[in-house]
1. Could you list, ordered by first residue, the pairs with Cβ atoms under 6 Å in which the first is in the stretch 76-95 and on the phi > 0 side of the Ramachandran plot and without any contact (Cβ under 8 Å) to a residue 12 or more places away in the chain and the second is part of a helix (DSSP H, G or I) and surrounded by 10 or more Cβ atoms within 10 Å (Cβ to Cβ), at least 6 apart or interchain?
2. Within the stretch 76-91, can you find the residues that are crowded, with 17+ Cβ neighbours inside 10 Å and within 18 Å of residue 45 (Cβ to Cβ)?
3. Filter the stretch 47-74 for residues that are in a strand (DSSP E or B) and touching a helix residue (DSSP H, G or I) at 6+ places or on another chain (Cβ under 6 Å); which is surrounded by the most Cβ atoms within 10 Å (Cβ to Cβ)?
């Protein structure tokens, strides 16, 4: 594996992030969060979370009725990650 040159960025300097790379990282986090939350009791019985990503759009998470496939609600990526963090913290407290 070849590594590129090391670049030092002074503190406080804003660096542009490639949106495609940022979106890929967010999508990976969401895949983990959706899988984890579907194994918990977060979605109500008969419901599940599904990651939806349209080309050129931000990923969203749909709350879907398992029986009908109907979308009941949509959650932003930030909301899903907050729910996962709170749920994980709550489970740690139970142990």
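1. Going by the 6 Å Cβ cut-off, there are no qualifying pairs.
2. 83, the sole residue that qualifies.
3. 61
Only the coordinates and a few stated rules stand behind these numbers; no lab work does. As the structure is a prediction and not an experimental result, all values here were calculated from the model. Glycine also receives a Cβ, built like all others from the backbone with ideal geometry; neighbour counts cover every protein chain displayed.
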